[in-house]
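Peer 1: First the structure, which I've put down as structure tokens, then a few questions once you've had a look.
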Amino acid sequence: MPETKFRSFRVDAVVLRHSDYGEADRLLTLYTRQLGKARAIAKGARKIASRKAGHIEPFTHVRLQLAKGRDMFVVTQADTVDAYLSLREDLILTSHASYVLELLDRFSYEDGTENSALFRLLTDTLSRLASNSDIWLVVRYYEMRLLDHLGFRPQLFECANCGRQIRPEDQFFSFSAGGVICPRCAQGLKHLHNVSVETLKYLRHFQRSSYADASRARPTPEVQGEAESLMQGYFTYLLERELNTPGFLKKIRE
Ligand SMILES: [Zn+2]
């Protein structure tokens, strides 16, 4: 459990997931502004009349009062900041919001560290999805920014192999090198993925632009498909690599 000064304190949190715990309780997995990822018990949350129950559904942005229990935080008060109701009413939105939460859940661990910027990215992304923005854009922008926060910012301006500046032509992408590979280097390398000059343009744009600027992008369906499968492949690769890293497993166990 992260060290905190007080026995009871408030956190801003998004509920990533919950599971049944004991007879009437729920175990919440949270992403908080103040402590990063954290877990807490909501006692009696499964009772029908529980006043806490509605506040602790997944996707919900809540303000929680937590108390230090014997070996876990206990929720003593819960207030909804934003329930993002529209995310629950539309199956497509629900699945994308779940993806957003799951990515963060899988790549974060309970280290008790404040991360306001990442928390802000999460709540901004859920708000954008809930307010009928272009789903493709919201999710790709989130992925690109999440990679930054996780320390996996892909190299998109110089070749990740020879370091030369990337020219405006179709390129390759290497998950293991973490970036774009120029056509010259690509001849001698394996496990590369094609990335068209158009797709690369949008990925670069998302990497260095504000959301307001990025949201003016109007990529073709081909570019959308290519960017999506490239990012998903990269996240899958990173997740498998991290899971096989002893240091990562140690962090999770702590
Ligand atoms: Zn190169």
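Peer 1: If we scan segment 149-165, do we find a residue that is among the basic types (Lys, Arg) and under 30 Å from THR94 (Cα atoms)?
Peer 2: Going through segment 149-165, the residues among the basic types (Lys, Arg) turn out to be 153, 164.
Within this subset, residues satisfying the condition of being under 30 Å from THR94 (Cα atoms) are 153.
For segment 149-165, residues among the basic types (Lys, Arg) and under 30 Å from THR94 (Cα atoms): present.
Peer 1: Scan THR4, THR32 and give me the residue that is under 30 Å from ARG145 (Cβ atoms) and modelled with pLDDT under 95.
Peer 2: On the way: THR32 fails: modelled with pLDDT under 95.
Among THR4, THR32, only THR4 is under 30 Å from ARG145 (Cβ atoms) and modelled with pLDDT under 95.
Peer 1: Give me the pairs: first residue in segment 76-101 and among the aromatic types (Phe, Trp, Tyr), second residue assigned to a strand (DSSP E or B), beta-carbon distance under 8 Å, and six or more apart or on different chains, which are they?
Peer 2: TYR84/HIS61
The values are calculated or read from the model by the stated rules, or taken from the named source; none is laboratory data. Fair warning: this is a prediction, and the values are worked out from it, not measured in the lab. When we count neighbours, we look across all protein chains shown, and the Cβ atoms used for this are built from the backbone with ideal geometry, even at glycine.
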